[in-house]
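Here the structure is laid out as C-alpha cells; the discussion comes afterwards.
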Amino acid sequence: MEISASMQKAFSTAEETGGEYCKVGDHEEPIMSDDGPLANDLHLLKLERCRWWLLVVVNIFFLVAGQASAVLLGRFYYDQGGNSKWLSTLVQTAAFPILFIPLFLIPSSQEASASSSTPSFKILASVYLFLGVLIAGDNWLYSTGLLYLSASTYSLICASQLAFNAVFSFYLNSQRFTALILNSVVVLSLSAALIAVNDDSDGLSGVSKGKYILGFVCTLGASAIYSLLLSLMQLSFQKVLKKETFSVVLEMQIYTALVATCVSVLGLFASGEWKTLHEEMQSFGQGRASYVLTVVFTAVCWQICSVGVVGLIFIVSSLFSNVISTVGLAVTPIASVIVFHDKMNGVKVIAMLLALWGFASYIYQNYLDDSKARRMQGAGDETRNDSVC
C-alpha cells in the first residue's frame, strides 16, 4: 500500500515531535504527542477563550462607563435649564460618525465573511430602517419619562427592563434560564429598586397628574421596547447577518443610529423645539460654552455605551447585555458621589453590593457554561484520537 503525501507529512511531524505510532491496516500512523499539532490547537483554543473574555470585559467597560457618564451629563443638562425632549433624543445617537474610525481600523475576517452568505441590500436596509426607527422612538420615550418623573420613579420603572427582556429572550432567542441567571435578574432588579426608593421625592414640582401618568407610561413602554430591541438585534445577528466579525457590530450601530438620528432631527423641527434652542443656550446655568460641551460629550458617551450594548449582544446575549445595563444603574450613584459629591448612605452601599452579587452570579454561570463546553470538546478530541488508533 502506498503512503500518501499527507501521511508522509504526518510521519515527519511525529518524528520531529517525538510522537508514537499505532497500527492501522498495513501501515502505521502517528499518534500526536502533547507537544505536537494537537497541543498547538489546544494552545490556539486557549488564546481564543482569552480573547473572548477580553472582548467581554472591554464591552462591559464601554457600556457601564458610557451609560454612567451620559446619565450624569443628562442630569446636568436638565439641572442647568435644558428642556428639549427631542434634543435629548438626538444626542443619544448623533455621534455615530465617530464609529467609522474603529470600523476602518479593525480589519474584517475574510474567512468568516466567506463562510456565510451575505444578505441582500433590500433585507439589510429593511432591518436597519426598522431598528433605527424603533431606537428613535425608544429614546424619545425615555426622554419624555425623565422629564415628567422623579429620579426614583424613573429608575424603578427602568429596572423592569430585565423582566421584559426575560420574556423576549425566551421566545425570540431561546435563552436558557438557570437558577444562577434567575438569581442575577432578581438581585439586580432589587438593587435598582433600592436606589429608586432611596430618593425621598415622590414627584417633580409643577408636574400635573396627567403628565405624571404620561411619564410613567412612556418610561414603562421605553423599558419594554429597549428589551425588545436587544432581542431583535441578537436575532438579526443570528438569522440575517450571520457574520462572526466585530465590524458587523459597528455596522449595525452606525446604520441604525443614522436612521434614528434622521428621525430625531425630523422630530426636532416638526415639534418646533429647534426655535427654543438658542434661548435655551443663552440661559444655560453654566454658560453657552458649557451648554455646547454638555451636548457634545453626552452624545459621545451615549455612543460609547451603545457600542458596549451591541457588542455584548453579539458576543454573549441580549440578556447579558441587559444585566450589565442594570449594573450601570447601581454604578451611576457612585459616579455621582465622585462628580457631584452626593452623600453615600447605607442604602446605596447595599444596592452596590447587590449589583455586584447579581453580576457575579451571571459571570459564574458563563464560567460554568464555558467549562462544560471545554469538557465536551476535550471528550470529542479524545474520541477522535481513539478512533484513529
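The values are calculated or read from the model by the stated rules, or taken from the named source; none is laboratory data. On a predicted model such as this, the values are computed, not experimentally measured, just so you know. Because the Cβ atoms are built from the backbone with ideal geometry, glycine has one as well, and the counts that use them run over all protein chains shown. Calculation scope for accessible area: heavy atoms of the full protein, side chains included, ligands and nucleic acids excluded. Shrake-Rupley method; radii C 1.70, N 1.55, O 1.52, S 1.80 Å.
Structural remarks
- In this simple spin-label model, placing a label point 7 Å from the Cα along the Cα-to-Cβ direction at both Ile350 and Ala270 gives a separation of 4.6 nm.
- For segment 210-314, the carbon plus sulfur part of the accessible surface works out to 69%, probe radius 1.4 Å.
- Shape class for segment 250-293, computed from the alpha carbon gyration tensor (a ≥ b ≥ c): oblate, with a/c not under 1.5 and a/b at or below b/c.
- Cα-projected label distance for Ser120 with Ser208, points at 7 Å along beta-carbon direction, nm: 5.1 nm
- Taken along the Cα-to-beta-carbon direction at a fixed 7 Å, the label points for Ala360 and Ile338 span 2.1 nm.
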